[in-house]
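Here's the structure, in structure tokens; my notes come after.
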């Protein structure tokens, strides 16, 4: 390929460079990013290389201007059946094991920090690290055949990728104690009743797509600000949380999307949001 300079100054290309992934597939369709884990024989277990690719794909999603919503799902009978137990069994020093936990937490934090809504489409087993990945997403939709749980104490471990912290924040301390201390696998319908899931469906991909489309039609800027307000306000006292909400409401009111949304409402037409 020639890199010689010519007299025609072409516009710079801002095409997103997507890395080659070995353990997952990344596709964008109508503003929805689909991240599919592709190790069905290993039940999509979170080996170190898989965790690295999740961190990389999170960066791609954050930078992809086409993406409005991201959906994570798995091939085969598992969403993600947990961390790689073979790798964990080799962790024998406190410092090394602590770093392993912090590394996994960082990957989940990448997902949680994405400036757009995320959905876990739980097609099968979501256990251990797999459930922790789902907990890092904003919404969870599951097949009615899915099983969810944090079985770590049955292996002489505790959840280490955020499970002991995100689960009680989602479903309350009492229910989290139950799931973590029993190490039991929870069927989808019970998980829905516990507040662990938002939807249960026969066709989890179709349900996730419908949910993603409902979200994607809204203002990208407003979605990001709403997500930020929820995330920042949940663990602070109410007066401080209300200040956060007011600050972000003020920011929303300065956007082109707000002017488009309110104008469309008053003019009785569908809005055309640009994410500005």
Task: Whichever residue in the range 138-160 is assigned to a loop (DSSP other than H, G, I, E, B) and more than 29 Å from residue 90 (Cα to Cα) and, among such residues, is nearest to the chain's Cα centre (by Cα) - done: 138
Task: The one condition in (1) closer than 22 Å to residue 117 by Cβ; (2) over 25 Å from the mean Cα position of the chain (by Cα); (3) not in a loop (DSSP other than H, G, I, E, B) that residue 257 fails to fulfil - done: (2)
Open item on the list: Which pairs turn up if I take residues in the range 161-181 that are within 17 Å of residue 234 (Cβ to Cβ) and look for partners that are modelled with pLDDT under 95 and in a helix (DSSP H, G or I) with beta carbon separation below 6 Å, at least 6 apart in sequence or on another chain?
Closed with: none
Open item on the list: If residue 126 meets every condition in (1) more than 30 Å from residue 63 (Cβ to Cβ); (2) in contact with a helix residue (DSSP H, G or I) (Cβ under 7 Å, 6 or more places away or on another chain); (3) not in a helix (DSSP H, G or I) apart from one, which number is that one?
Closed with: (1)
Task: Every residue from the range 79-125 that is over 16 Å from the mean Cα position of the chain (by Cα), surrounded by fewer than 21 Cβ atoms within 10 Å (Cβ to Cβ) and closer than 22 Å to residue 149 by Cβ - done: 84, 85, 86, 87, 88, 89, 91, 97, 100, 101
TODO: Identify all residues within the range 27-38 that are outside any loop (DSSP other than H, G, I, E, B), in contact with a strand residue (DSSP E or B) (Cβ under 6 Å, 6 or more places away or on another chain) and free of Cβ contacts under 8 Å to residues at least 40 places away in the same chain; write none if there are none.
DONE: 27, 33, 34, 35, 36
Open item on the list: Looking at 158, 205, 180, can you tell me which residue is under 25 Å from residue 100 (Cα atoms) and surrounded by fewer than 19 Cβ atoms within 10 Å (Cβ to Cβ)?
Closed with: 158
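The values are calculated or read from the model by the stated rules, or taken from the named source; none is laboratory data. Remember, it's a predicted structure, so these values are computed and weren't measured experimentally. So basically every Cβ, Gly included, is an ideal-geometry build from the backbone, and we count neighbours across all protein chains shown.
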